[in-house]
Amino acid sequence: MEPELVVPTMEAIRRWSGVECPNAAARHGLADMVGLIAELEKLRGTMVFEDEPSSFELAMRDCMEPGA
Amino acid sequence: MSLAELSMTEAADAFAKGEVKAEALVQTSLARIAAHNPALNVTIRLEGEAALAAAAAADKARAVGIKAGPLAGVPMMHKDMYYRAGKVSTCGSKIRQDFVADKTATVLMKLDAAGAIDMGTLNMAEFAQNPTGHNAHYGHCHNPWNVDYCTGGSSSGSGSGVAGRLFYAALGSDTGGSIRLPASICGVTGLKATQTRVSRHGVMPLSFSADNVGPLVRTARDAARFLAITAGHDPYDATSAREAVPDYEAALTGELRGLRVAVCATSFMDGADEPVVKAFEEALAVLKAQGATVQYVAAPSMAAINAYTAVISRAEGAAIHANWMRDYPQDYAIHLNARLFGGYAMPAHYYIESLARRGPLLRQFVAEAMNGFDVVATPTVKTRVPTLAETDIDVNPENWSRFMAVSANTRPFNYLGLPTISIPCGFDDRGLPVGLQLAARPFAESTVLRAADAFQQVTDWHKRSPLA
């Protein structure tokens, strides 16, 4: 059975992005997002206030092999 | 040994020494393509006459004593998403079937300067957006070990063609595993370097936070030479790394003694098929027998890494394709516009969170899974190679989970940005290849290449050829 989120999500996409649901597989893909939403719910609270995207480049340099 | 069985570096070195002519290498490739491409469907644009002319010029230059470049005389073909000015780059799509690039990718210019002979472009997943190699517009690419099976994607033609000995090297691209998957599934070597290591100027974008340029070749030594030529900062790609490019081939000592290998048993092995586990454990046994230490560790925060990976790739893909998804949705394959569609549902704050958490999660992964280790080892693909039919979403949307499972072990390393290689390490019970994936710390390509090369010194999986 199709999850409840599918129809309202399709409508939100149409309103925000102007993209129509192209086919049954796309509906299936939206239904599959229930799992991803649940995973993201579990991560709430892990991001701290100062986290920001550019920290990745610094982390890459800091995580290099010792002596590199 | 026939010329077709030479690796890229063997072919280049033989040319440099005058032992083989470039024309003979190109003729060999063209003959292999004529014989096998009808079954494999590897090529999109083949420029045989131009390749022969380039080979003749290379032979003439060498004959008069002009020093050959490190890839001189070696025929290659590349995934059809590397732009060359004046040429069509379809990106495996109907939408860009007539797109003529107005610039040449930096990586192609570097390969040209090294003397490589570009014979044309290769089949790929539409806009590099699937892990299996299906293509609704140019036909599916087929696995040379068994044409009923998928090649892995998205660099499908690159994997199938190198495995079939149709040419000596090919560019792929890797955003969620698209170099390593066809490398594993077709039985060749594929290297995804550290995020930002290789310029992406003139390369079709898919997800700019995770896109990588890299080779599919026969051996780790091939990958080392290829990377040395293509890596480095590019003023045309402001994101490209400024770290110095070492001599990767010089790092290939053939030595495994002292190598410290971490095996992430959780997550990367969950639900793995038995034939894959068997081949992987046999590969670990080889590493141990050669003097490496192998220890099982827990990989931290894999659920977070997997969730954030999905958010980034889909949100960025949705943004890039928004205009075409509004105006030409019917011109995409079913599985692709279906996948892109979900990207428009991603809340912007989750996208920012996914990028913001990337640094902290990389630090945690290195601190907990790599502390005291040189490399992390996993199977490249945890399931047996699927058939084209059982991963075809266009025919049956219920194949979605099997389709997505193919890239489960490769995607995390794109999020983490780590250099990662896939090398052949055996076959499953249906005779399809199994890949060993090795990852190291940022910019430690020399470490994964050294380990992979040493493994290949004592195994012959990479020498097995699927076609006569």
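Overview of values
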quantity: Assigned charges on the beta-carbon of Lys, Arg, Asp, Glu; segment B:1-144 dipole about Cα centre (debye); calculated: 240
quantity: Label point distance in nm, residue A:14-residue B:389, each placed 7 Å from Cα along Cα→Cβ; calculated: 3.7
quantity: Calculated [θ] (222 nm, deg cm²/dmol) that DSSP helices of n ≥ 4 give over chain B, each run adding -39,500 (n - 2.57); calculated: -11500 deg cm²/dmol
quantity: Area accessible to solvent at residue B:19, 1.4 Å probe radius, in Å²; calculated: 130
quantity: For segment A:11-68 and segment B:368-445, distance of Cα centres in Å; calculated: 20
quantity: Using a Förster distance of 25 Å, the FRET efficiency for residue B:239-residue B:24 (Cβ separation, nearest 0.05); calculated: 0.05
quantity: Inter-centroid distance (Cα atoms) of segment B:272-351 relative to segment B:76-148, Å; calculated: 21
quantity: Integer Hz, Karplus 6.51/-1.76/1.60 couplings in order for segment A:40-55, x for Gly and Pro; calculated: 5, 4, 5, 8, 4, x, 7, 6, 9, 4, 8, 4, 7, x, 5, 5
quantity: Drop in accessible area of at least 50 Å² in the complex versus isolated chain, residues of segment B:405-454, 1.4 Å probe; calculated: B:441, B:442
quantity: Overall form of segment B:410-455 per C-alpha gyration tensor (a/c, 1.5; a/b vs b/c); calculated: oblate
quantity: Residue B:148 accessible area, assembled protein chains, probe 1.4 Å, Å²; calculated: 100
quantity: Candidate residues B:156, B:313: accessible-area rank, largest first, probe 1.4 Å; calculated: B:313, B:156
quantity: Lys, Arg +1 and Asp, Glu -1 on Cβ, resulting dipole of chain B about Cα centre, debye, nearest 20; calculated: 600
quantity: Spin-label pair residue B:396/residue B:45, simplified geometry with 7 Å Cα→Cβ offset, distance in nm; calculated: 3.8
quantity: Among the listed pairs B:21/B:67; B:87/B:192; B:21/B:87, those beyond 24 Å (Cα-Cα); calculated: B:87/B:192; B:21/B:87
quantity: Cα→Cβ-extended label distance, 7 Å offset, between residue A:61 and residue B:323, nm; calculated: 3.5
quantity: Number of partner chain Cβ atoms within 10 Å, mean per residue of B:355-366; calculated: 6
quantity: Cα gyration tensor category, rounded, prolate or oblate, for chain B with a/c compared to 1.5; calculated: rounded
quantity: Listed residues B:399, A:19, B:315: farthest to the positive end of the dipole of the protein assembly as shown (Cβ charges); calculated: B:315
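The values are calculated or read from the model by the stated rules, or taken from the named source; none is laboratory data. None of the values given here were measured: they were computed from a predicted structure. All Cβ positions, glycine included, derive from the backbone under ideal geometry; neighbour counts span all protein chains shown. Only protein heavy atoms, including side chains, enter the accessible area calculation; ligands, DNA and RNA are left aside. Shrake-Rupley method; radii C 1.70, N 1.55, O 1.52, S 1.80 Å.
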